[in-house]
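The values are calculated or read from the model by the stated rules, or taken from the named source; none is laboratory data. In this text the structure is predicted, and so the values were computed from the model without any measurement. Using ideal geometry, Cβ is built from the backbone for each residue, glycine included, and neighbour counts are taken over all protein chains shown. Calculation scope for accessible area: heavy atoms of the full protein, side chains included, ligands and nucleic acids excluded. Shrake-Rupley method; radii C 1.70, N 1.55, O 1.52, S 1.80 Å.
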Amino acid sequence: MSDDSTGTDGTGTTEEIATPAGPARITWRRAVRPRLLLALGHGAGGGVEARDLRALADVLPAHGVSVALVEQPWRVAGKRLAPAPGKLDEGWRAVWPALEGAGLPVVSGGRSAGARVACRTAAELGARAVLALAFPLHPPGKPERSRAGELTGAGVRTLVVQGGRDPFGRPGEFPEDTEVVEVPGGDHGFAVPKRGAPGQEEALDVITGAVREWLARE
């Protein structure tokens, strides 16, 4: 990667976007000379403060990738429960023009429920690729209720980053042709045992390093 594509402005700015379900919020972490935009949605049980989303927003701008952390309307409104998948997709679609407005190729991504949204909408929105963090392949203990079709139906190059002990689907459970990076010992939130190896910072390094290398091929 050339030097003129690196650097960060060191700031995070926020912007509210009107959607049919109320305002969504984008937190921008911009690279100085960006070549890509990575849009990241959150899960159904938390927001953009998730450790993996924060780590990517901190690391990637120095490598020429701007990051947009997208908060769905239900989260901005302070609600505790996420709406049905169709409503999540609707919110993501409403935010997309603002993401495209950055004038960069957009990689659609997210963690857990946000990863499902990115996969379901990638083709119709024209996403460059999809990053699926902690993809919930099935409900815990119910592998017969597979959501693999959402993943394989994304229609664009897709990377899955999955914890080695994620009860929603371990790395070895994904379809054979899926590009999967395992975070050893990671659970659904990429937390690792306190006395295990790797430690928490090393686990986050696995995530950011894998995503950085994958995006370098875009």
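Solvent exposure of segment 1-129 amounts to 42 Å² per residue of accessible area, where only protein heavy atoms count and the probe is 1.4 Å.
Over all distinct Cα-Cα pairs of segment 66-121, the Kirkwood formula returns a hydrodynamic radius of 11.9 Å.
Taking every DSSP bridge with both residues inside the chain, close to 30 percent are antiparallel. Placing a label point 7 Å from the Cα of Gln200 along the Cα-to-Cβ direction, the residues of segment 36-76 with a backbone N closer than 12 Å are 51-52.
Taking 8 Å as the Cα distance limit and 6 or more residues as the minimum spacing, I'd like the relative contact order of the chain as a percentage.
Relative CO of the chain lands at 16 percent.
Based on C-alpha pairs under 8 angstrom that are at least 6 apart in sequence, segment 16-65 has a relative contact order of 43 percent. A protection proxy built from the mean count of other Cβ atoms within 10 Å ranks the segments 40-49, 187-196, most packed first, as 40-49, 187-196.
Surface composition of the chain: carbon and sulfur make up 50 percent of the accessible area, probe 1.4 Å.
Between His138 and Ala77, the simple label model (points 7 Å from Cα in the Cβ direction) yields a spacing of 3.4 nm.
Between segment 45-103 and segment 200-218, the C-alpha centres lie 19 angstrom from each other. Each residue, Ser146 and Ala62, gets one label point 7 Å from its Cα in the Cβ direction; the gap between the two is 4.0 nm.
Quickly estimate the mean residue ellipticity at 222 nm for the chain, helices only: each DSSP H run with n ≥ 4 gives -39500 (n - 2.57), and the total goes over all residues, rounded to 500.
-8500 deg cm²/dmol
Near Leu56, once Lys and Arg are set to +1 and Asp and Glu to -1 for all other residues with Cβ below 12 Å from its Cβ, the sum equals +2.
Computed on the Cα trace of segment 98-194, the radius of gyration divided by the Kirkwood hydrodynamic radius gives Rg/Rh = 1.00. For segment 138-218, the average shadow cast by the Cα convex hull is 5.7 nm², which is a quarter of the hull's surface.
Using a probe radius of 1.4 Å on heavy atoms only, what accessible surface per residue do you get for segment 136-218? Whole Å² is fine. Mind showing how you got there, number by number?
Values: 4250 Å² over 83 residues.
Spelled out: the 1.4 Å probe surface of segment 136-218, per residue, equals 51 Å².
Quick check on segment 105-144: take the gyration tensor over C-alpha atoms, sort the square-rooted eigenvalues as a ≥ b ≥ c, and tell me if it's rounded (a/c under 1.5), prolate or oblate.
Prolate.
Taking all protein chains together, Lys142, Lys79 sort by accessible area into Lys79, Lys142, largest first [probe 1.4 Å]. Computed over the chain, the alpha-carbon pair-distance distribution with 10 angstrom bins reads 9, 37, 38, 15, 1, each value a whole percent. Divide the volume of the convex hull around the Cα atoms of segment 16-137 by the residue count and you get 92 Å³ per residue. Label-to-label distance, Glu124 versus Ala216, with points set 7 angstrom from Cα along the beta-carbon direction: 3.6 nm. For the peptides 202-211, 62-71, 160-169, residues were scored by their other Cβ atoms within 10 Å and the scores averaged per peptide; the highest-first order is 62-71, 160-169, 202-211.
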